[in-house]
Amino acid sequence: MGVALTRAAQWTTAGSGIGKLEITPLNESLLNNIIKYAEAFSSKHPEEAQYVFQEPLEWKTNLETSVFESGYDISGTTVKSLEADQDGNPLLLLSSSTIKISSFSQISYFLQLAKDKKLKETQACLEANRDPVACILGPGFATVDGEDMSLLRLLNKINQNDNDHAEIKMKIFLLLQQLDMQLLSSSLKQISQEVRLSPGAVKNEVDLLRRFSGKEEKSVLKSIEYTSDYEFSNGCRAPPWRQVHGEICYLLITPHDTDPFYVTCSTAGAFVNAGKIKDTEEISYDRKGEMFKDLTTLLKTKSQRFTENLTKQDFTFFEEAPMTQRTHHVDVIDAEEQSQNYWSNEQSEKNEHEKTKQALVKKKSNKQKLELSPKWKNLNLSGQKESQISSRNFNEEKPVNKKESFKSKPTSSESRHRSTALLPVIRQSALKSKTPGGKSDEFSESSTESEEDEELPERRQEGNTDLPSEYWQIQKLVKYLKGGNQTATVIALCSMRDFNLAQETCQLAIRDVGGLDILINLLDTEEVKCKIGALKILKEISHNSQIRCAIADLGGLQTMVQILDSPDRDLKCLAAETIANVAKFRRARRTVRQHGGIKRLVGLLDCAPITSSNLSTQQEKDIEVARCGALALWSCSKSTRNKEAIRKAGGIPLLARLLKSPYSNMLIPVVGTLQECASEPSYRLAIKTERMIEDLVKNLNSENQELQMHCASAIFKCAEDDETRELVRQYGGIQPLAMLLSQFDNKELLEAVTGAIWKCSISRDNVTKFQEYKVIETLVTFLTDQPEEVLVNVVGALGECGQEPANRAIIRKCGGINPLVNLLSGTNQALLVNVTKAVGACASDQENMSIIDRLDGVRLLWSLLKNPHPDVQANAAWAICPCIENAKDAGEMVRSFVGGLELIVNLLKSENREVLASVCAAITNIAKDEENLAVITDHGVVPLLSALANTTDDKLRRHLAEAISRCCMWGNNRVAFGEANAVAPLVHYLRSSDPSVHRATAQALYHLSEDANNCITMHESGVVKLLINMVGSPDNILQEASAGCIANIRRLALANEKTRYG
């Protein structure tokens, strides 16, 4: 039962709160099956019915105490069953509308008492107990994802000791599993037949019905209106507390032949509700009658006139008036294209296509048959086929199923459209009058699917520009696709390809007349020529962002994924290339993965060895299929989950094999996929172990700049670990990276190359190689007039190279200090992180420091301590350390920064360890000046440092100990550290494995040991034994500090003995 509730039941929430079961046919069926099973449980399984639950099922009930009869003790608002467990607790307890039931027998009896309320009670019980199996059998039987081992554990218990209780548990567990399977099976049947509505679909249907409604006799309805004018961001008009039940909106419908009635539209369908409550304006949400799959089906059962007018197609279409009244709010959307999303620049699209709308309206009013163009008349078709085409009236056309001409499987988009569209005739009328660019919100994407941020609609032509003749010619061809037979369809597809499909006008012409739906439908036919023609067109027009979204909405991706299994290589190529174009946004990538596309695309990569010299025609086609598969995987690999799916499908070794290809058109998508996936640690490890670094380095010498860019980008992402950086150098990658810096006109290539140089320069051996090729001098020239993406990498590389003293002088001589200091006033966080490190590295040289000081660089660094980004704060503090060490009259310089000392002391309250360590290091340098030490003491540096003493981070320990050591030099600070309990934790630092921590701690303990109370604390913490071992250290500073601390402790002991014994 737990699995069925988790996987099959339809739960929903609005904002925050506990999930509710939607009022849907599926949920009602589940609840009825559970009720039927529970009611019969006592009679079918009497022994198991007496089993006492581990935890009672508890929920809020609406039953009154009066319904309980014999077998219960009733006292006021409390009801107790006479049946009790071994401890005397009642198996049913009702108190203040909260009920607790602890056995199946009591559940069976309770449901019999509930009578007509049993459905509501069961719903309330399951909503309050999302996993009832865990309550019944215990938490060990809770519903889990993956393999469930609870039954095996129970069997082990039975084998270990003969326990009747465990046997009953096992029987109940098996019975509940059997119920789960029955519920899931029945749910699966119902789900396969169920159609769920969305706010967009309902809105389209209502808008279309409004266009055929009015007081005229030939209208289908008198009126149809929303009960609420307010529309929420997700497209719903129902209040939030009803949206949790899946309800979308409420309508007041007035037919010609019956009284007005109220309708609820929900995700499960449409039904008549009880209407407005008397003397109030509130709606009664209770359902009256059955649920219908859509509004049209409901109206056909409620109104005879509605059905007759639709059947006769004898009704009035209100075209101009509704449009003029509602232009500011709603565009009419063809039901066949209801899922297309045209979110942005909606108003501009209205203006751009106003002439389109007028021309379409004019066509309808003329009631003329379209004449065949000379191009069509000259085609060598049989007389019968020609007659079929020429006799078709497109102004009053009726849709013809492709199955009449040649076999076709129904697509998912077709079935969805059949369930949501009004009728074919209404659909065609809307098609003639719709305005492109209508907005259609998708119910399930109100919050979680806001990923079209990466797919911004492209700018269209100006609204006052006349549409070219190609627009109308393409629309005529689309109509031939709708109504023609197989031969006409193939010819229309070929003719359509003669147009420039890269032009936006041609792309939108296909979309506006419903051509996308037809092209996607053609992919389900059994005719290979039709599939190839449709895919070639879809491949061309899918470069348009709006077309991409529309293809995904119409279910085109699912069909293309299925085509990847086709034995026809041309079909597989075209399908993969089209998927590559469409999967440019997150929702499309997810669709490909969820329908098994990743595994199929990885399978396309398996082809003959590309390095073979003698390839057959079939092998060459297989290689082309592999290239197209790599293109699609490249687009899909921008999703983290898709990267994991590619790895699990075995894509890495296949990509490694394709990386040996000598052809750049194959290498570009392969390396593009690898560099996208290299952001994941598992891929970086695989790239290294599969020896792909060598191939990436080799391709840096390619003549194709795009390939060079992707190879450099892959190295940039992979060179996070030392071993990869060593491999880049071993395979000769340093020189081509240095040479590629000359391609400064190609900013994308420059960004990738400087990024690879940055990461490779973390290894000192690579820095030596970069010096040989004059890379540092070249990088300095890129510090000005470059995009921020390039600057981040350039400054990062200079920061790493600047760790070497010789390179600091090179940066100064090439004039790099000035632009680096200027970059400190920027706002890009990544750039600030790198530039602070670079300036800090340069400040270690005294000549560089004098330039930095003259340019007011230290003040800029200090101001960055206020930056909210912890990495910027930390690097700024680290950079301040060498500035103070190498500045002339550093103490006075620091005091000149108003509020600077208080700012840096307050950073000791940070929760970031790197910030704390860097600030402690800065305070160590600041405290070298006695006057500054006095100021930071007044700002409370001692208690703040003491509060950090219990840290386990060795880096922080080292710099904290150094800061405490320096701060002991002023007044009674050493006493204050003892009172703040900072001494005992410092003793534990001596057990660290880091020698630098030992040295800093020993120095701090030496200064602290000058206070008698601190000596006592140290001695009690066992410091003497630890320090004695360090007296023999080869580190002179550690030796002296350890010996000095021991000497101070010994002097105190001698003084105490002298006082005690005279």
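Structure note, pairs LYS300/LYS531; LYS1025/LYS1058; LYS44/LYS118; LYS120/LYS276; LYS476/LYS584; LYS539/LYS643: Cα-Cα distances above 26 angstrom occur for LYS300/LYS531; LYS476/LYS584.
Per-residue extension of 0.36 nm, minus the Cα-Cα distance of THR98 and SER992, leaves a gain of 316.0 nm for this segment. Between GLU1040 and THR768, the FRET efficiency estimated from the beta carbon spacing at R0 = 30 angstrom works out to 0.25. Projecting label points 7 angstrom from Cα along Cα→Cβ for LYS529 and ILE168 puts them 7.5 nm apart. Can you tell me how region 751-808 classifies by the Cα gyration tensor, rounded, prolate or oblate, using a/c under 1.5 as the rounded cut? Prolate. Nearest 0.05, what FRET efficiency do SER228 and LYS120 give at R0 = 30 Å with Cβ-Cβ as r? Approximately 0.70, to the nearest 0.05. Distance between the modelled labels on ASP568 and THR77, one decimal in nanometres: 7.3 nm (7 Å Cα→Cβ projection). Across ARG196, ARG808, the residue with the most accessible area heads the list, and the full order at a 1.4 Å probe is ARG196, ARG808.
Note on ARG854 and GLU680: their simple-model spin labels are 5.3 nm apart, each label 7 Å out from Cα toward Cβ. Ligands, DNA and RNA excluded, the heavy atoms of LYS747 present near 80 Å² of accessible surface to a 1.4 Å solvent probe. Specify whether the C-alpha gyration tensor of region 759-917 places it in the rounded, prolate or oblate class, a ≥ b ≥ c being the square roots of the eigenvalues: rounded for a/c under 1.5, otherwise prolate if a/b is larger than b/c and oblate if not. Verdict is prolate for region 759-917.
Note that region 792-893 presents 37 Å² accessible area per residue, ligands and nucleic acids not counted, probe 1.4 Å. Accessible-area rank, largest first, for ASP286, ASP871, ASP512, ASP622: ASP286, ASP871, ASP622, ASP512, with all protein chains present and a 1.4 angstrom probe. A Cβ-based charge dipole, computed about the Cα centre of region 687-770 with Lys and Arg at +1 and Asp and Glu at -1, lands at about 220 debye. Scattering from the C-alpha atoms of region 866-978 alone, worked out with Debye: what is log10 I(q)/I(0) at q = 0.20 1/Å? Summing over Cα pairs of region 866-978 leads to -1.06. Here the gap between GLU726 and ILE277, fully extended at 0.36 nm per residue and compared with their Cα-Cα distance, gives a gain of 153.8 nm. Length available on full extension from GLN829 to GLU64: 0.36 nm per residue minus the Cα-Cα distance, which gives 269.0 nm. For GLU788 and LYS36, the FRET efficiency from 1/(1 + (r/R0)^6), where r spans their Cβ atoms and R0 equals 56 Å, is about 0.25. Classify region 660-786 as rounded, prolate or oblate from the Cα gyration tensor: take a ≥ b ≥ c as the square roots of its eigenvalues, call it rounded if a/c is under 1.5, otherwise prolate when a/b beats b/c and oblate if not. Since a/c reaches 1.5 but b/c is at least a/b, the shape of region 660-786 is classed as oblate.
Measuring nothing but protein heavy atoms, the accessible surface of region 665-812 at 1.4 Å probe radius is 46 percent carbon and sulfur.
The values are calculated or read from the model by the stated rules, or taken from the named source; none is laboratory data. Please read all numbers here as calculations on a predicted model, not as lab measurements. Please note: Cβ atoms are built from the backbone with ideal geometry, for glycine as well, and neighbour counts cover all protein chains shown. Only protein heavy atoms, including side chains, enter the accessible area calculation; ligands, DNA and RNA are left aside. Shrake-Rupley method; radii C 1.70, N 1.55, O 1.52, S 1.80 Å.
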